[in-house]
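Shown next, in C-alpha cells, is the structure this report addresses.
Computed from the coordinates by the stated procedures, all read-outs in this text should not be read as laboratory data. Owing to the predicted nature of the structure, the values given are computational and were not obtained by experimental measurement. As a convention, Cβ positions derive from the backbone with ideal geometry for all residues, glycine included, and neighbour counts pool all protein chains shown.
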C-alpha cells in the first residue's frame, strides 16, 4: 500500500501547494473533454506525441490508466493581480512544471513504472518529432490530464481536493499514477 503521508510530505517539499490521494477508480475519461482538445484552442492538437491524437485514443488511455489503482494529485496555486494577469499565469505554470518534473524524478526511484500526467502539453523538446519519427524521450514525455480526457474538476472533487481557491487565483493540477 502507498504511504500517503510520505507522498504528501515529499510533494510539499517539492513546492506543491496542495496534494490529495488519488483513487484511480474515480478517473473518468470523457469524450467531451477530448473534443475540447480537437477545438485546438492551445494550438497543439495534432502537433505532438503528448496531445491528441498522438497520445492515443481514449480507449488506449483508459487501458494505460487501468494498470494503476492509486496515485497522488498535486497542485500549484498562483495569485493573480487581476483576471487577465497572463504573466502570473505563465509564471505559475512554469513553477508547476518545475515541481512536476523534479517530483517525477524522485518518485521514479521508488515507483519506476509510474504514469505521470501533467498540466499543459509536454515541453521536453523544443520541437516534437510528431508524426514523422518516434518520441525521443518516451519515458520522460507526459500528456496532460485533459489530453487523456479527464475533467480535472471532477477528478479533484471525487478525491476530496479543492480546485477553485478564490478570485484572482489560478490552479495547475497534475497527477502521478502508482502501482
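If each residue of separation counts as 0.36 nm, what is the full-extension length gain between residue 133 and residue 39 once their alpha-carbon separation is subtracted?
Working: separation 94, 0.36 × 94 = 33.84 nm, distance 2.48 nm.
Here the answer is 31.4 nm.
Relative contact order of the chain: 36 percent, from C-alpha pairs under 8 Å at least 6 residues apart in sequence.
Rank 93, 146, 162 by mean-square fluctuation in a GNM of the chain with C-alpha springs under 10 angstrom and give only the top-ranked residue. Judging by the Gaussian network model, the answer is 162. Quick one: Cα centre-to-centre distance for the range 95-117 and the range 119-179, in angstrom? Answer, in whole Å: 12. In terms of the mean number of neighbouring beta-carbon atoms within 10 Å, the peptides 44-52, 81-89 order highest first as 44-52, 81-89.
Suppose the chain between residue 79 and residue 63 were pulled fully straight at 0.36 nm per residue; how much longer would it get relative to their current alpha carbon spacing? Before the final figure, lay out each step's value.
Details: separation 16, 0.36 × 16 = 5.76 nm, distance 3.66 nm.
Gain on stretching residue 79 to residue 63: 2.1 nm.
Between the C-alpha center of the range 68-90 and that of the range 15-38 there is a gap of 14 Å. The candidate values were (i) 10, 38, 40, 13, 0; (ii) 10, 34, 35, 18, 3; (iii) 9, 29, 25, 19, 11, 5, 1; the one computed from these coordinates for P(r) over Cα pairs in 10 Å bins from 0, in percent carries the label (i).
Stokes-Einstein at 4 °C, 1.567 mPa s, Kirkwood radius from Cα pairs: D for the range 1-67 in µm² s⁻¹?
Values: Rh = 14.4 Å.
Using the Kirkwood radius from Cα pairs, D works out to 90 µm²/s.
Counting only DSSP H runs of at least 4 residues, each contributing -39500 (n - 2.57), and dividing by the residue count of the chain, the helix-based mean residue ellipticity at 222 nm comes to -10000 deg cm²/dmol.
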